[in-house]
Amino acid sequence: MPKVYITTDDKTIEMGDGQALIDMCEEHDTSILFGCRDGACGACMIKIRKGAENISKMEDSERDFLETMAAEENERLGCQCKVFGDIEIEVSE
Ligand code: FES
């Protein structure tokens with residue numbers, strides 16, 4: 001079972017293998033915020049500190065959006081991420 005350590009909350013949460021990050025956040029109290037839930041608003045931007053290889057690959061639409069937002073290399077849209085192994089993330093400012 002993948003473990004997600006959210007540095008912003010100093011909290012580790014166990015997830016189902018391949019579970020969507022947004023589903024985990026709906027079940028637990030985290031400081032990751034969601035808006036559109038569809039990769040179009042940027043509310044859910046997170047920084048991947050460890051385990052980027054354990055997150056589902058980026059679709060072109062997410063890459064295009066992050067480019068528009070001038071996101072950092074390690075930033076992803078939380079609503080677009082499925083988790084397959086341990087990761088460490090932080091809420092983007
Ligand atoms: S919730 Fe809008 S981009 Fe993720």
Taking region 39-70 and the residues there that are within 13 Å of the ligand (Cβ to nearest atom) and touching a Ser or Thr at 6+ places or on another chain (Cβ under 8 Å), the one that is nearest to LYS11 (Cα to Cα) would be ILE46
Picked from region 1-34 (must be of a type outside the set (Ser, Thr, Tyr) and within 16 Å of GLU93 (Cβ to Cβ)), the residue farthest from the ligand (Cβ to nearest atom) is ASP9
Residues of region 16-40 being under 13 Å from the mean Cα position of the chain (by Cα) and small (Gly, Ala, Ser), in sequence order, are GLY18, ALA20, SER31, GLY39
Checked VAL91, VAL83 against criteria (closer than 12 Å to ILE6 by Cα, touching a residue at least 40 places away in the same chain (Cβ under 8 Å), buried (at least 17 other Cβ atoms within 10 Å of the Cβ) and not acidic (Asp, Glu)); the one match is VAL91
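Where a number appears in this text, it was derived from the coordinates with a stated rule and is not lab data. The model shown is predicted, which means the values in this text are computed figures rather than measured ones. Cβ coordinates were reconstructed from backbone atoms using ideal geometry, including for glycine residues, and neighbour counts include every protein chain displayed.
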